[in-house]
Every structure is written in structure tokens, then in C-alpha cells.
Amino acid sequence: MLTRSERIERLRKAIIENEPVVSIERATLVTEAYQEFEADPILIKRAKVLDKLLRNMTIFINDGDLLVGNQGESLRCPPVYPENLVGWMDDEEEMARMEVRSVNPLKIPQQIRPQLKELAQYWKGKTLVDKVYAVFPDDILKARKSSLFSVSLEKNAVGHCVLDYEKLLQKGYHGLKEEIQNKLDKMDLTDPKELAKVEFLEAARIVCDAGIAFAERYAGLALELAEKEADQERKRELEKISAMCRKVPANPAGSFYEAVQSVYLAHIINVIETNAYSMSFGRFDQYMYPYYKKDIEEGKITVQEVQEIINCFWCKTNEIMHVDDSEMVYFHGGHPFGQHLTVGGMTRDGRDATNELSYMCLDAHEIVELYQPDFSVRLHKGSSYKFKERTAEVIRLGLGLPQIFNDEIVIESLMNDGLPLEEARDYTPTGCVEYSTPQCWVRSPGGWFNVPKVIEAVLHQGKCALTDRQISLNTKPVEEIESFEEFMELFKKHFRHAVRLHVIWSNLIDNVHAKVMPQPSVSILTDDCIKKGKDVSQGGARYNFTSPLMVGIATAVDSLSIIKKKVFEERTFSLRELVEALDSNFKGAEVLRARLLNYPYRYGNDYDEVDDMAREISVLFCDEFAKYRISRENGKFRAGFWSVTANFNLGLGTAASADGRKAKEELSDSITPNSGKDVNGLTASLKSAAKLDQRRASCGTVLNRHITPTELQGADKIRRFVDMVDTYFELGGTNLGFNVVSAETLKKAQQNPEDYSGLMVKVAGYAAFFVELGKPCQDALIARTEHGLS
Amino acid sequence: MNEEKGVVFKIQRYSLHDGPGIRTLIFLKGCPLRCWWCFNPESQSPGPEIIFYREKCINCKQCVQVCPIPGCLKTEDGINSFKRELCNSCGKCVNVCPTGAMTSIGKLMEVSEVMKEIEKDRPFYDKSGGGVTVSGGEPFMQPEFTRAILKKCKEEGINTAVETCGFTCWDNIEKSMEYIDMFFFDLKEMDAEKHRKMTGVSNKLILENAKKLAAGGKKMIIRMPIIPGCNDELDDLKAAARFIAEELGAVKEVHLLPYEVIGVSKYERMQREYMIGDVKPPSQEAMEEFKGIFEGYNLRCQIGG
């Protein structure tokens, strides 16, 4: 049994008990900076904004913490990013909603509201979201408003990346500065192409200096605190922190402890730069290992001390939070920040990469028991049984994590996208699942694509059934559709049209990001931005992608299966009768709805005929997007099959569907079967999911399954669990996430949230506190079939 | 050649409890016993039958309109009612019911259809050393069908197990022996009179078959349900342990299955009386004590399947 130290207990308690309160400091500083540096070109302006923040924001060190780096004015106080979005800041009603909503409630103190309003006045028309919406043509705006697709970093900077922390640890910011200077020294500025790079390189140099200054401030603060500290042991700790912050991240790390501190400071700087989600830590057990090994061999640190540092790191990632408005919060129930950390997998040369740190991270997850970092285990054919067994034991704790990834398929999918084998083997999930390397810049989410809405368009001559807006092609009325084949042809026609709109929409957003929201701090640690002299937003990365994500596959396939069987084969009802029932949201059509709900041939039950349809649609999705190019460096669209909680948001804009779902209810999650409709057992749902060509989804797939603790009870059951996972992976599955809870527990938690504030579940690509999720999401989790219970 | 057919009650994939690895359970319909505590009363009668799930009924009356038997399905005071004793299982109501409230239990299937379902989880058996367990009802109520499934499984290289109550003529078991890798053999009660009272049949044949099977060289695990107030007296259990140790030399393992509350709803749906009323599951301490009895006879004993 692993136990928490008194220190970790205290840090953890502070996180759980601190009520999130919006902090205004950053907003004020950023606004001043934008005014001060108005004349500067955007890259320099953004770099100077970061510089001003890092030199002036409040910093603090948690009592007892071994690591430093803070986001807001105090613990769990998410800062405001007015340069992105200000709509909520002068909207009292919206603020009232934000305070009382069931998902991620945030306190907005009365005393800061006048300032928020004032800032909002300054920013209106200047924010990222304003500039994004200004470029949308009418047809795209209509489709977007009707939820044909939704949310693609219109209000946020990009994120969802893993940075080259190996390089940071080897070179430090001083080393990066040298690289930048060398590049500048060699440039011929009479060449206009070269001249264009100066702006980025200057910005890069500014952020390096800003980062060094930021760490120096912590060094000063730690020393100040050490002088006042009565406890001798804590005094020594603070002195050590001070010495460490003078050294890193400015210089190369010399020890394991320094390496962890260096990475965390660089991380928090990137978080402060933009409000981008899912800045990920990547392969922590790999880039930290040389430092660990050296320190242990030289007797400089004990294994227990290493574990305590990792545990502090684990706690620290839970301090970071976001201010989301009412739309965005639907995508981020449970305060995730998507800081993905990965262990295991294979090395660049194809050997098993698992080491002592991989196991210590699993232990940290068990000891700390919080929802960040987003934690994943990579498995491959050469992973040891011992590692898989330990992974299963940690899954059994019911924390909703780690997720498991299948190296063989992921690596193949990345190679299909043009990554060389060795780089592909170094992948890490970022954010939810999107695979990345420090050489990639993936704009993800590149928009959630609503597949059931396409069926709605077929049934309504291209109109949105909720608003009557024309969102797609005006095709023939349903009376004239004579066969299922014809129905599918129309479906594909609307689908292709929707993809075209999605592509234009997505590239327009990309272009605005390049002009408004460059990310120089992120760019200096993304290969090859310095070499190319380009920011990530302008295509500085070696590989550039945008990731459209397919949502509602089970809702769509179940609907099509019913239409095929009941309308065209058995002729139980006509398409017109179906449309009328759907348009009335089943009012007066309860018998028909019962028939739809009771229909058994659904996705997730291992029926080839139905699953083939799911495969066909997913291939169509990949093929259609593959026809187009993205704005950055002519990069590719890479598909992902997952929804996070976008299935709830898109569901709100979708009329009743032929699978019996009512209007505005959630769509199906990721590639998970419809809630409660997978009745043939866990293996059947795994087989259905494996029939999708998951190799094509190089931005990942998510399959969430519930499992009861008894299914992981004892060594014998754990072996069967591992066999089950291995089989899914051999069949072509890439990702599995498990919620190990009983429906009883969840129901109790819903009724008595105060008794279950620590209960964690996996939502899509992340784990969240169950009680912080909205009721519909809670209900869906409860309804999901609990496999293994007869 | 006509394929062997049989009535299948349920096929359940991803079972972790009835044999090694990940398994598919084939529940056949029909049982010669009528145990008071039966968990699956709908599996007892051998033919397909119709069940009415009142809680799923939305009173659309479509079943009433198609039922050919007067008085079988009718509406009284706006509520549908179903008289089982009049039903001839024609299935017309099942076909029209939109909600699944009228459901047919038991499906006549050919061996090839069953094999198709079995084959679906083949990759999982191969990885985990799992396979197929034929259970019931009582598999040997349909001896030819059971044997045909098991034979086919062995031809396909799939591990096989059978769970039996042992109440069948020895010939049925013997003819299938070569296709079965392991047996779960149920033992309910050593006292013949109590056995007859609680299950409807004597245990004489069961005990004889147990002895023959134990001598047959196949792996065999004894399973005993523990039903408080029925068969949980220490003397009952000691007698069972002694019998296993002394008469079934080859058997080394016993599973004690604690009674679980299923409520009376299943019986109400079958329009039958639930004989053991509000029995509570045995306590963990009691189960541990029972386990000790079997271990005292050098038998490996686990609680639960």
C-alpha cells in the first residue's frame, strides 16, 4: 500500500479545498502591455506582453512545495485572457450563470466586475474571437450556428502540443538564445525572405530573456522566504529552490530535481503566454531518465526523494485552470487542462522504453489521486506483463486514468502522415489523445464535425430542422427517395458538402491565428521554428496538421441502420412518417419512438452489417478531408474519432434523430456505442470499434468503457483484463479508457455530491471530478452499460 | 444431413467466471430440477415461451389486436394483462410489440448459428486461453445438441466446459466426454429427502453420476450454491465435503456460490411463486466458515465462481 507524505497530503488538500475564483491581474497587465506596445508588429507585441507578465505578475510558493511556478494570483485562481474573448466580462447574466452552473462553477468577485467591464469595452472588436468571426462568410456562419460543426479554437490559442523538453534540459534558455543569435548573425537581411524572419527571431529572444527573469524572481522569493523560515528543514528546501531557479531553465539541468523544475517553469510560462489547452509534458519517463540514472548512480538522490518530487509535480499540474464561458465549458466539464504525460512505449530504435520512472509515475498517480496530469500508458508488443499488470492495478483504483495506447497502430498512422519511423516512435498523446511530437504543430481540435446533423440535412432538403436555416444543399424531398442506396448517395453528397464548408471554416481560423495569436514561447521549443525563422502559427513546425474530429458515429449509424431496415426493407413506416415524428420531437409518436429505441441492430454489438456502415462513414470522413490542404505549409488534415464532451454541445443543436434520441439530447461519445445500447458484452463493443479503420485516424480514437472493480479483482482477473486489452489492440484498436465504478456509486454521487467530491471518472480523453460534470453528462455515464454485470 | 437444433436461452460473451480465460456462455433452455432459489426461472421449461415485462409496456395495445387466443392478452381498465397459461407461444405479440415488453425467451437455433456466435470472440479465447462453457438450464436436457456444439468446438480447437446439475442418464454425459475439457458439477444437498423437497428430484442419480464423472479423468470442479435456511447447515456441508473427498477422489476444487438476492420480480413475471421469500445472502463470515470445512478435507475452495 502506497502512502502520501504529510507534504503531499497538504498540497493535495489545498487543491481540493480551494474554491476557484477568477483573477483579474493578468487581464490588467495584458491590456496595459497591448497599449504600451501598440506600434510593435504582432510577434514582438506578443513577446513583450509575455515579458511584462513574467516580470510583473504576482508570484508565490506553496507552503511545503518542492516545486515553483504559478498561474494566477493565488492557488487555483484562473486568470483572464482578454485578448481572446471578452463577451462574458460585461454580461452580468452570463457571469451569474458561470457562478452557479453545475459544470466548473467559477466565482467572479463583485469588486472586480467594474474593472472587467471596463476592460471589455477596450477589447471589443479586437479579440481573437471577434477577428475570427469577422472573416466567416454567410454559409459558413449558418452551418456553424446550426452545429454542423463546432468550436475549433475560435476563442483559444492552439496548444495541444508537446515541446522539446529534451532540448530545453540540454541547452537551457541561454542555449536557445545562442541558437537564435547564430541564426540572426548568418542572415542576409537584404533578402526579403530572410528579413521576414527577423520579427520571429527577435520575439524568440525576448521570450527567452523573459523566462530567465521569471525564474530569477522565484529565486529571490525563495531566498526571502528562507530567511524568515523558522523550520530548519524547510529553510534548506527553500534555499535549494532558490539556487535551482537561478540555474534553470536558463541553463542546462544538472540533476533530476533541476530537470523537473526546469520543465515545470517552461510549462507554466507557456500556459501564461496564451490560454491554450493541453500543453503536454509528453514522455516524462524518457527525457528525465538520464538525470535520474546519473543522480542515483552517483548517490546524489534516493528513490524516495525522486518519488516525492514526482508527486509534487503531479499535484502542481492540478493548480492550472481556465475561465470558460457557457459554450466552452461544455467541452471541458471537470476543469481538465489536458496536460498529457505519457510513460512506457518503445524507444526511437524500437526497444521497450519502460524504465523505473515509468513505474514511479504510476505510483504517483496512485498516491496523489487527482485529475491532472492527463496520464497515459503506451503499450506495444514488447511491453512486459509486469508493466501491464501494474497499469491494470492503477486503473482498478477507479481514478479514470491512465488511458492505454497501442504503439503499433499509432506509429503506423503517424508514418502514413509522413513522419519517419524513429520520430513516429517518439509520439505522445497531447491533450485528449491527439498524437504529437516536438516536431509537429497540430491545430486540434480542428473542429468537431456532426455526423448525425448530415442525416438531418438529408431528411430536410439541406435545412437545419431546428431553425429552418439552409445549411447544406437543397436536395429532393424524402418522398422521392426510393431506396436505401439512394438515401446513402444523398447522405454522401451532403457529407462532402459539409466537409468542404468545414475545411474553409477551419483554414480561415488558421489564418487569423497566424495574424493575431502567434506563440513565440511555444515556438522556441518546437522544431524547426528557430531554423525556419517562423512561428508555429505561421508554419514553423517541421510537420503541420489540423485535426477535424468526427462526432456522433453511433447516433448516425444506429439511425441509418433503422432507416435501412424499417423504412426500406420492412416498410414499417415511411421516411415522411419518420421525419414528422422527428420534427415533432416524438410528440404523439411515442409508439414509433419506442420502436426506434427498442431496435437491436446497433453499432457496438458486433453485427458486421451495422459496423460496416460505421467503417464506411469513418473512411468517408478521412478520405474527404484528405482531399484538402491546410493553410500552414500546405500541411494535411488528419482525422480524429473522438468527442471529449463536444457530443453534448453538438447535441444541443441537433434535432431528434432516427435512433430514438430526442432533440437537443447528447450525441454518442467518440467511437463509444450509444449509452446502454451495447448489450452483447464488452468484447462485442471492442470488436465493433476495431472494425473502424483506426489507422486512418492519426489524430486518435477514444473508446470509453465502464468496468466494475470485480473484473479486476486478483491476479487471475487482471490477467484476463490484460488479455482483453491486448486482443483489442491486435484487432486494430488504438486507445482504451476505463471507468471503474458501479452505477450505484454514481447515482449516490449524483444525489449527495458533497459526499463524493473526490470521485473521479473518465469523460473522454480525460478524467474529471464526477460532481463537477453537468447532469446530462452524469446521467449518460450512469446509463452506459456496465459490462460484466448480468 | 439435417443440422442438430436446440433451444438456446441466452448467449453471453465476455464471461470471466466459468472456466479459464475469456469465455462465451451458451445457456440452453430446459432443466429437470426446480430449485427453490433458481436464479433463472425462465430457463427451466424446455420450449420457447413468452414473457411480459409490465414495466416496459406503454399500453399501445398492438399485441391485443394480433393475439389469436381469446383472453390471453387483453386490456382491462386501460392496462394490458397477459395470461400465460393460455399462451401458445405463437410469437405474434412479440413481433408487433414496439418496446420489447412482450419478449420471447428461448430461441430455436442450429448448431451452425450457435457456432457463428461462438466464433465471434475467437481472438479473445486465443489470447486468454478461454473458450466456451455450455450451461443452462441443464445442457444434458438437450444431449444431442450439446454434444454437437461441443464436438464442433473441439474440431475448431476451442476449449470447452460444461456446467451440469448432474441429473441426466449417464449415457448422455459419457457420449460427450471426449469433447469436454472440464466440468462444473453442481451439488446442492447430500440429504436425499431435503434434496427432493427443494429441487423436486432425488439426488441419487446426481451422486452416482458425480462418482462416475470423477473417475473419468476430466477436470471437474464442484459448485455448491449456499442458500441460507435451505442447505447451509454445518452438517449438510460437512457431509458434502466428506462425499467429495472420499468418493470423488479426482476432484480437488470446490466453488461455494453465495445466494444473491434477485427479488421476486422474475418469478412474478413467470407468474410463479418464489419459494424462499426474503432470504438474505449469507454473511462473509459464514462463507469463510463453510470454506474452512472444505479446506479441512484438503479441497481447494473458493467463494464465488
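The values are calculated or read from the model by the stated rules, or taken from the named source; none is laboratory data. On a predicted model such as this, the values are computed, not experimentally measured, just so you know. Cβ placement follows ideal geometry from the backbone for every residue including glycine, while neighbour counts extend to all protein chains displayed.
Within segment A:694-715, take every residue that is among the charged types (D, E, K, R) and under 25 Å from A:THR645 (Cβ atoms) and give me the one that is modelled with the highest pLDDT. So the residue we want is A:ARG696.
State whether the residues of segment A:43-58 include one that is outside the structural domain of A:PHE770 (by TED's automatic domain parsing), under 26 Å from the mean Cα position of the chain (by Cα), in a loop (DSSP other than H, G, I, E, B) and under 28 Å from A:CYS315 (Cβ atoms).
no
A:ASP407 - would you say it is of a type in the set (Asp, Glu) and within 15 Å of A:ALA697 (Cα to Cα)? Yes: the conditions hold for A:ASP407.
Among what's in segment A:603-627 and is among the acidic types (Asp, Glu), within 14 Å of chain B (Cβ to nearest Cβ) and surrounded by 18 or more Cβ atoms within 10 Å (Cβ to Cβ), pick the residue that is nearest to A:GLY676 (Cα to Cα). Per the criteria, the residue is A:ASP606.
For segment A:687-708, the set of residues classified as within 13 Å of chain B (Cβ to nearest Cβ) and either of a type in the set (Lys, Arg) or more than 22 Å from A:ALA783 (Cβ to Cβ) (or both) consists of A:LYS687, A:ALA690, A:LYS691, A:ARG705, listed by residue number.
Contact map, segment A:257-274: residues that are more than 16 Å from A:LYS52 (Cα to Cα) paired with residues that are of a type in the set (A, V, I, L, M) and modelled with pLDDT under 95, Cβ distance under 8 Å, separation 6+ or inter-chain. Pairs shown: A:HIS267/A:MET279. For segment A:644-651, the condition of being in contact with a His (Cβ under 9 Å, 6 or more places away or on another chain), more than 14 Å from chain B (Cβ to nearest Cβ) and among the β-branched types (Val, Ile, Thr) holds for at least one residue. If you filter segment A:469-524 down to residues that are touching a Lys or Arg at 6+ places or on another chain (Cβ under 7 Å) and among the acidic types (Asp, Glu), you find that the one that is modelled with the highest pLDDT is A:GLU479. Screening segment A:714-742 for residues that are β-branched (Val, Ile, Thr) and assigned to a helix (DSSP H, G or I) and picking the one that is nearest to the other protein chains (Cβ to nearest Cβ) gives A:THR727. Within segment A:610-649, being acidic (Asp, Glu) and free of Cβ contacts under 8 Å to residues at least 40 places away in the same chain holds for A:GLU616, A:ASP623.
For first residues located in segment B:172-196 and over 29 Å from B:LYS238 (Cα atoms) and in the same structural domain as B:TRP36 (by TED's automatic domain parsing), partners that are among the polar types (S, T, N, Q) and modelled with pLDDT of 95 or more and lie 6+ apart or on another chain with Cβ distances below 9 Å form the pairs B:ASN172/B:THR146; B:SER176/B:THR146; B:TYR179/B:THR160; B:ILE180/B:THR160.
Given the criteria touching a Cys at 6+ places or on another chain (Cβ under 6 Å) and in contact (Cβ under 8 Å) with a residue 24 or more places away in the chain, does A:ALA219 qualify? Answer is yes for this residue.
Pairs meeting the criteria (first residue in segment A:358-369 and in the same structural domain as A:GLU393 (by TED's automatic domain parsing) and more than 9 Å from A:ARG390 (Cβ to Cβ), second residue among the charged types (D, E, K, R) and not in a helix (DSSP H, G or I), beta carbons under 9 Å, at least 6 apart or on different chains) are A:ILE367/A:ARG4; A:VAL368/A:ARG4; A:GLU369/A:ARG4.
Might you check whether a residue that is free of Cβ contacts under 8 Å to residues at least 12 places away in the same chain, over 23 Å from A:VAL458 (Cβ atoms) and either away from chain B (no Cβ under 14 Å) or in a helix (DSSP H, G or I) (or both) occurs anywhere in segment A:543-565?
no
Counting only strands (runs of 3 or more DSSP E) that fall entirely inside segment B:91-202 and contain at least 2 residues that are buried (at least 19 other Cβ atoms within 10 Å of the Cβ), among the hydroxyl-bearing types (Ser, Thr, Tyr) and within 14 Å of another protein chain (Cβ to nearest Cβ), the qualifying elements are B:131-135.
Within segment B:11-32, being on the phi > 0 side of the Ramachandran plot and at the interface with another protein chain (Cβ under 9 Å from one of its Cβ atoms) holds for B:TYR14, B:GLY21.
Apart from one condition, A:ALA697 fits all of (1) surrounded by fewer than 23 Cβ atoms within 10 Å (Cβ to Cβ); (2) closer than 23 Å to A:GLY431 by Cα; the exception is (1).
For segment A:573-602, name all the residues that are farther than 23 Å from A:GLU482 by Cβ and away from every other protein chain (no Cβ under 14 Å).
If the condition is that a residue be farther than 23 Å from A:GLU482 by Cβ and away from every other protein chain (no Cβ under 14 Å), then A:SER584, A:ASN585, A:LYS587 are the ones that fit.
Would you confirm whether any residue within segment B:34-46 is under 30 Å from B:ASN80 (Cβ atoms), in contact (Cβ under 8 Å) with a residue 12 or more places away in the chain and among the acidic types (Asp, Glu)? For segment B:34-46, residues under 30 Å from B:ASN80 (Cβ atoms), in contact (Cβ under 8 Å) with a residue 12 or more places away in the chain and among the acidic types (Asp, Glu): present. I'd like to know if segment A:414-421 contains one or more residues that are surrounded by fewer than 19 Cβ atoms within 10 Å (Cβ to Cβ), outside any helix (DSSP H, G or I) and either free of Cβ contacts under 8 Å to residues at least 24 places away in the same chain or in contact with a helix residue (DSSP H, G or I) (Cβ under 6 Å, 6 or more places away or on another chain) (or both). Yes, segment A:414-421 contains at least one residue that is surrounded by fewer than 19 Cβ atoms within 10 Å (Cβ to Cβ), outside any helix (DSSP H, G or I) and either free of Cβ contacts under 8 Å to residues at least 24 places away in the same chain or in contact with a helix residue (DSSP H, G or I) (Cβ under 6 Å, 6 or more places away or on another chain) (or both). Which ones in segment A:85-105 are of a type in the set (Lys, Arg) and in a helix (DSSP H, G or I)? Of everything in segment A:85-105, just one residue is of a type in the set (Lys, Arg) and in a helix (DSSP H, G or I), namely A:ARG97.
Every condition in (1) in contact with a strand residue (DSSP E or B) (Cβ under 9 Å, 6 or more places away or on another chain); (2) buried (at least 24 other Cβ atoms within 10 Å of the Cβ); (3) within 14 Å of another protein chain (Cβ to nearest Cβ) is met by A:ALA684 except one, and the failing one is (2).
Taking the criterion of being in contact (Cβ under 8 Å) with a residue 24 or more places away in the chain and closer than 27 Å to A:PRO41 by Cβ, would at least one residue in segment A:133-145 satisfy it? Scanning segment A:133-145 turns up at least one residue that is in contact (Cβ under 8 Å) with a residue 24 or more places away in the chain and closer than 27 Å to A:PRO41 by Cβ.
Among the conditions (1) buried (at least 22 other Cβ atoms within 10 Å of the Cβ); (2) within 11 Å of another protein chain (Cβ to nearest Cβ); (3) under 19 Å from the mean Cα position of the chain (by Cα), B:ILE50 misses just one, which is (2).
Just one of (1) at the interface with another protein chain (Cβ under 9 Å from one of its Cβ atoms); (2) in contact with a helix residue (DSSP H, G or I) (Cβ under 7 Å, 6 or more places away or on another chain); (3) of a type outside the set (Phe, Trp, Tyr); (4) surrounded by fewer than 22 Cβ atoms within 10 Å (Cβ to Cβ) fails for A:GLU711. It is (4). Is there a residue in segment A:663-678 that is more than 26 Å from the chain's Cα centre (by Cα), more than 14 Å from every other protein chain (Cβ to nearest Cβ) and either in contact (Cβ under 8 Å) with a residue 12 or more places away in the chain or outside any helix (DSSP H, G or I) (or both)? Yes; the residues of segment A:663-678 include at least one that is more than 26 Å from the chain's Cα centre (by Cα), more than 14 Å from every other protein chain (Cβ to nearest Cβ) and either in contact (Cβ under 8 Å) with a residue 12 or more places away in the chain or outside any helix (DSSP H, G or I) (or both).
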